Amino acid sequence: MGWNDFYQRRDIADAVLRQAARDPQAPLPFTEIPGAAEVFGTEEQLLLALRYRWSRLLSGYLRSEFEDETGDQVEAVTRVWNRAVRRNRTLRAVLDAHVEDYPEPRRMHEAEQRMLAVAAGLADPGEPVEELDKVGRAFAALLRHGPGLEAPRRNPFGHLLRMLAPTA
């Protein structure tokens with residue numbers, strides 16, 4: 001892949017994320033982005049590119065955090081996760097919403113969970129994959145729903161409508 005291809009892929013992925021920011025749970029706006037089908041071929045390939053982007057971001061944050069880290073590994077991984085999600089909220093939300101859509105992105109997601117469990121010191125890399133998966137899923141659930149991330153902002157108009165609606 002040349003630089004032109006790299007920039008074209010990056011720009012299309014950015015456009016998908018900008019459009020998906022409106023509703024990350026919705027189907028990917030793959031067909032609405034000019035050139036997406038030609039460049040990525042399939043929605044799965046686009047998700048793989050987004051997953052790869054997230055993996056690069058997260059591993060960069062982890063390397064940076066653990067460069068001089070001597071403290072609690074769970075706390076360090078939690079800090080890294082929260083920082084990465086805060087700075088890339090739409091990317092993370094899109095990946096979470098589409099994790100079950102295709103087999104290869106799902107396998108990458110499971111590998112990420114295992115890596116986080118090992119990085120946090122909650123599992124040993126030599127443990128059976130089934131055990132790593134179990135610990136990784138539990139730790140990832142805590143990261144996604146833990147206290148480190150602020151709640152998503154409510155739509156003020158929707159909140160007003162709920163206040164005005166009569167209750168039973």
For the range 41-98, name all the residues that are outside any helix (DSSP H, G or I), more than 19 Å from Ala117 (Cα to Cα) and either touching a Cys at 6+ places or on another chain (Cβ under 7 Å) or of a type in the set (Val, Ile, Thr) (or both).
Thr42
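Which members of the range 56-115 meet the condition of being within 18 Å of Pro27 (Cα to Cα), touching a residue at least 12 places away in the same chain (Cβ under 8 Å) and among the basic types (Lys, Arg)?
The one that is within 18 Å of Pro27 (Cα to Cα), touching a residue at least 12 places away in the same chain (Cβ under 8 Å) and among the basic types (Lys, Arg): Arg92.
For (1) in a helix (DSSP H, G or I); (2) of a type in the set (A, V, I, L, M, F, W, C), each residue gets a yes or a no:
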| residue | (1), (2) |
| --- | --- |
| Met1 | no, yes |
| Arg9 | yes, no |
| Val16 | yes, yes |
| Arg22 | no, no |
Looking for something touching a Lys or Arg at 6+ places or on another chain (Cβ under 8 Å) and within 16 Å of Pro105 (Cα to Cα) - is there at least one such residue anywhere in the range 25-33?
no
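Throughout, read-outs are computed from the coordinates displayed, never taken from laboratory work. Note that the coordinates shown come from a computational prediction; the quantities given were computed from them, not determined experimentally. Counting neighbours? That spans all protein chains shown, and the Cβs are built from the backbone with ideal geometry, glycine included.
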